[in-house]
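First the structure, in the form of structure tokens, and then the observations on it.
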Amino acid sequence: MQDRDRDIESVLLDEERIRAGVAELAARISADYQGRDLLLVGVLKGAVVLLADLCRALTVPHEVDFIATSSYGSATETSGVVRLLKDLDREIAGRHVILVEDIVDTGLTLDYLLETLRPRRPASLEVCVLLCKPQELRVDVDVKYKGFDIPSVFVVGYGLDFAERYRNLSFVGTLRREVYEQADAR
Ligand code: IMP
């Protein structure tokens with residue numbers, strides 16, 4: 001048995017639901033950004049899979065850039081302190097920017113990124129996420145494009161990792177509690 005089979009408890013969103021959700025997000029964004037200079041900013045590393053699928057489903061021209069933050073203090077709990085690890089390659093002044101993120105948990109990462117990017121005077125700045133855990137939100141983040149609300153459970157797959165693993169799963173699944181409790185105790 002592979003670790004991945006042993007560690008996954010259940011499938012929360014299967015490949016088909018994710019595909020439909022991403023197609024819907026892409027259709028909305030394509031409709032909203034016709035004729036605009038669109039820049040998708042993927043938040044590394046979790047958003048890589050969503051961004052890859054989303055950008056291929058868009059019917060409007062756009063560019064892609066990446067930004068990276070540090071997130072968790074322990075295996076599954078945020079430290080509450082967000083740091084910029086990698087900045088954008090290009091200026092965003094006057095451009096229509098969508099931040100693309102895998103998940104909103106406490107909202108602290110997106111709040112930090114929005115506060116960091118806003119002073120650079122983009123023409124507009126919106127957020128697109130695949131997943132949101134509404135019960136965990138600690139700050140108000142305006143998410144214009146959201147795929148799915150999920151309960152307050154730790155999930156992996158479709159870009160989301162546990163200790164850098166499972167990003168490649170084509171579904172979003174919950175991780176057995178023992179797996180991350182063991183890691184948190186270390
Ligand atoms: P926030 O700042 O608490 O909203 O957390 C955002 C970041 O934490 C995301 O970009 C993910 O990298 C990570 N994260 C939050 N929840 C999960 C989860 O359930 N599984 C894997 N990573 C998560």
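Coordinate-derived values only; no laboratory data. Just so it is clear, the structure is predicted and the values come from calculations on it, not from any experiment. Cβ: placed from backbone, ideal geometry, glycine included. Neighbour counts: every protein chain shown.
Here are some notes:
- Farthest towards the positive end of the charge dipole of region 15-150, among the residues Ala52, Ile150, Val22, is the Cα of Ala52, using unit charges on the Cβ of Lys, Arg, Asp and Glu.
- The 3J(HN,Hα) values that the Karplus relation (6.51, -1.76, 1.60; θ = phi - 60°) gives for region 47-59 are, in residue order, 7, 4, 6, 4, 4, 4, 6, 4, 5, 6, 8, 6, 9 Hz. Gly and Pro appear as x.
- Considering only GluC sites (Glu not before Pro) in DSSP loops that have at most 16 other Cβ atoms within 10 Å, the longest stretch of the chain without any of them is 1-76.
- Taken about its Cα centre, region 57-175 carries a charge dipole of roughly 140 debye when the Cβ of each Lys and Arg holds +1 and the Cβ of each Asp and Glu holds -1.
- In order along region 111-119, phi translates into HN-Hα couplings of 4, 4, 5, 5, 5, 6, 8, 4, x Hz, rounded to whole numbers, per the Karplus curve 6.51 cos²θ - 1.76 cosθ + 1.60 with θ = phi - 60° and x for Gly and Pro.
- Our coupling estimate for region 99-107, obtained by passing each phi through the Karplus curve with A = 6.51, B = -1.76, C = 1.60 and θ = phi - 60°, is 7, 10, 10, 6, 8, 9, 9, 6, x Hz, Gly and Pro reported as x.
- A convex hull fitted to the Cα coordinates of region 46-186 yields 115 cubic angstrom per residue.
- Residues whose amide H comes within less than 5 Å of that of Glu126, counting only those at least five positions distant or on another chain, are Val97, Ile98, Leu99 (H built at 1.01 Å from N in the peptide plane).
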